[in-house]
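J.: Below are the structure tokens for one structure; questions will follow.
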Amino acid sequence: PILLLVYFLGIRRYSLKGLGFSLNYWYIALILIVLIGGASYGLFPEGLQFQSQAETGNLILNMLLLGFLTAAIPEEITRYLLQTRLAKVLNNKALAWFIASLIWAAIHIPSFSQGDTNLYGASIGALGILPIGLFWGYLNERYQSIIPTVIIHGTNLWGLQNIF
């Protein structure tokens, strides 16, 4: 993502807003966190992603490091760029949205393998988060901003993937 930002900001001269950094709809993320997070907590309390960190008192640090810096920001920048560039090349926003979401799910295959070499099981696990990827891709397209998806992804306290 850093190289992509350097390329698009420095070489291609895109603006930050043109790369999805618009604060216009940041509050959408908070509404969705309350609605989906609350429902997930009520239905799947064992699925809270950062529960162990909360118990040790490292919730904020881990959420910032794991949630935002290593996951949400790089993934959502890459997704937005891929989704918008594919839409222009394919002249089809829906197909670009679907392909970008498939790629986003596929990059999670290593995290689903957890040291296991069972590629089939890891691939099925990654497909399980495809609905989340489609939803976040929709948010990117609808609001022309990565800010709502970065906030939702970075604060994925509820383990939303456990619903699917």
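The values are calculated or read from the model by the stated rules, or taken from the named source; none is laboratory data. These numbers were taken from a predicted model, which means no experiment stands behind them. Cβ atoms come from the backbone with ideal geometry, glycine included; neighbour counts cover every protein chain shown. These area figures cover heavy atoms from the full protein model, side chains too; ligands, DNA and RNA do not enter into them. Shrake-Rupley method; radii C 1.70, N 1.55, O 1.52, S 1.80 Å.
J.: Just by accessible area at a 1.4 angstrom probe, what is the order of Leu43, Leu3 from largest to smallest? Walk me through the numbers before you get to the answer.
T.: Numbers: Leu43 125, Leu3 145 Å².
So, going from the largest accessible area down, we get Leu3, Leu43.
J.: Just grab the label-to-label distance for Leu95 and Asn118, each label 7 Å out from Cα along the Cβ direction, in nm (one decimal).
T.: 3.6
J.: Heavy atoms only, probe 1.4 Å: what % of the accessible area of the chain goes to carbon and sulfur, would you let me know?
T.: Values: 6420 of 9310 Å².
So the carbon and sulfur contribution to the accessible surface is 69 percent.
J.: Heavy-atom accessible area of Arg85 with all protein chains present, probe 1.4 Å, nearest 10 Å²?
T.: 60
J.: Another question, then. Picking from Tyr143, Gly38, Gly125, whose Cα lies most toward the positive end of the charge dipole for the chain (charges on Cβ: Lys, Arg +1; Asp, Glu -1)?
T.: Tyr143
J.: Return the long-range amide H neighbours of Phe21 (sequence gap of 5 or more, or a different chain), with a cut-off of under 5 Å between placed amide H atoms.
T.: It is Ile146, by chain and number.
J.: Among residues other than Thr149 whose Cβ falls under 12 Å from its Cβ, what is the net charge (Lys/Arg +1, Asp/Glu -1)?
T.: Net charge around Thr149: -1.
J.: Let me understand segment 83-146 better: what is its radius of gyration from the alpha carbons, and its Dmax, in angstrom?
T.: 13.2, 39
J.: Further question: Could you give the nm distance between label points at Gln144 and Thr70, where each point is 7 Å from its Cα heading toward the beta carbon?
T.: Reported label-point gap for Gln144 and Thr70 is 3.5 nm.
J.: If you stretched the chain out fully between Leu4 and Ile103, how much longer would it get, using 0.36 nm times the residue separation minus the C-alpha to C-alpha distance?
T.: 34.0 nm
J.: Using a basic spin-label model with each label point 7 Å from the Cα along Cα→Cβ, how many nm lie between Asn24 and Ile11?
T.: That separation, rounded to one decimal, is 2.9 nm.
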